[in-house]
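Below is one structure, written out as structure tokens; comments come after it.
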Amino acid sequence: FSRIIRLGEGVASTGRLSEAAMARTIDALRVCSGKLQRAQVARSRLVATEACRIAANGEEFLDRVHAETGLDIEILSREAEARLAVSGCAALLDARSELALVFDIGGGSSELVWLDLTTRAGDRPRSVLERVEAQNAIAAWTSLPLGVVTLAERFGGRHVTRDEFEAMVAFVREHLEPFEREHGFRDRIRNRRAHLL
């Protein structure tokens with residue numbers, strides 16, 4: 001089941017989740033709740049990310065979700081979101097690489113996770129990494145308040161002019177620069193076997 005709900009729509013400007021976005025989300029979560037019940041899922045972890053982290057009414061919304069759907073959803077920290085991104089794509093990482101930079105681009109934020117794959121224990125020739133190995137390889141991470149929804153709202157939505165696009169690229173670069181300065185991944189990627197994911 002997949003549905004675009006845009007929960008964070010307008011949060012960057014208002015600081016609150018809108019009634020329309022919350023209603024769309026609860027409708028989708030009712031479907032999810034039904035699927036979990038029919039599948040008799042005994043154990044699950046349900047999480048919310050940036051929209052609920054930054055919205056003044058994020059916790060209140062999750063209380064409403066619980067009341068209307070029975071689902072208990074926790075607000076994930078930025079670090080936990082970055083770590084889960086690595087776990088979720090660990091099987092896609094090329095273990096022959098020395099370095100990897102994982103991008104998790106969401107609606108309200110983007111997480112970048114720098115992996116140093118030279119620190120792996122053992123010398124097992126495999127094409128993929130296990131989740132634990134990937135977690136242990138995390139050398140640095142950052143979370144930026146930039147996602148597809150926040151950028152679209154800031155820079156003109158679906159119909160972006162060339163000037164707006166260039167302004168958006170400059171804005172993203174400005175936010176990436178401190179992480180680049182601290183870790184120098186541009187030069188590392190250029191000079192070593194690296195994987196961007």
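Need pairs with beta-carbon distance below 6 Å; first residue in contact (Cβ under 8 Å) with a residue 60 or more places away in the chain and within the stretch 1-13, second surrounded by fewer than 19 Cβ atoms within 10 Å (Cβ to Cβ) and hydroxyl-bearing (Ser, Thr, Tyr); sequence gap 6+ or separate chains. So the pair list comes out as GLY10/SER18. Within the stretch 69-79, the set of residues being surrounded by 14 or more Cβ atoms within 10 Å (Cβ to Cβ) and of a type outside the set (Val, Ile, Thr) comprises LEU71, LEU76, ARG78, GLU79. The set of residues from the stretch 146-197 being of a type in the set (Gly, Ala, Ser) and more than 15 Å from LEU112 (Cα to Cα) comprises ALA152, GLY156, GLY157, ALA167, ALA170.
Among residues of the stretch 89-102 that are farther than 17 Å from THR142 by Cα, none has a beta-carbon under 8 Å from a residue that is basic (Lys, Arg) and buried (at least 19 other Cβ atoms within 10 Å of the Cβ) at least six positions away or on a different chain. Filtering the stretch 7-55 to residues that are of a type in the set (Lys, Arg) and surrounded by fewer than 17 Cβ atoms within 10 Å (Cβ to Cβ) leaves ARG30, LYS35, ARG38, ARG43, ARG45.
Among LEU84, LEU71, LEU115, which is the only one that is in the same structural domain as HIS183 (by TED's automatic domain parsing) and not in a helix (DSSP H, G or I)?
When all the criteria are applied, what remains is LEU115.
Report, by residue number, each residue of the stretch 46-68 that is polar (S, T, N, Q) and part of a strand (DSSP E or B). None; the set is empty. Here the stretch 88-112 is the region considered, the condition is being in a loop (DSSP other than H, G, I, E, B) and not polar (S, T, N, Q), and the residue that is surrounded by the most Cβ atoms within 10 Å (Cβ to Cβ) is GLY108. Could you count how many residues in the stretch 118-140 are part of a helix (DSSP H, G or I) and modelled with pLDDT under 75? The total comes to 2.
The values are calculated or read from the model by the stated rules, or taken from the named source; none is laboratory data. On a predicted model such as this, the values are computed, not experimentally measured, just so you know. A quick note on method: Cβ atoms are made from the backbone with ideal geometry, for glycine too, and the neighbour counts reach across all protein chains shown.
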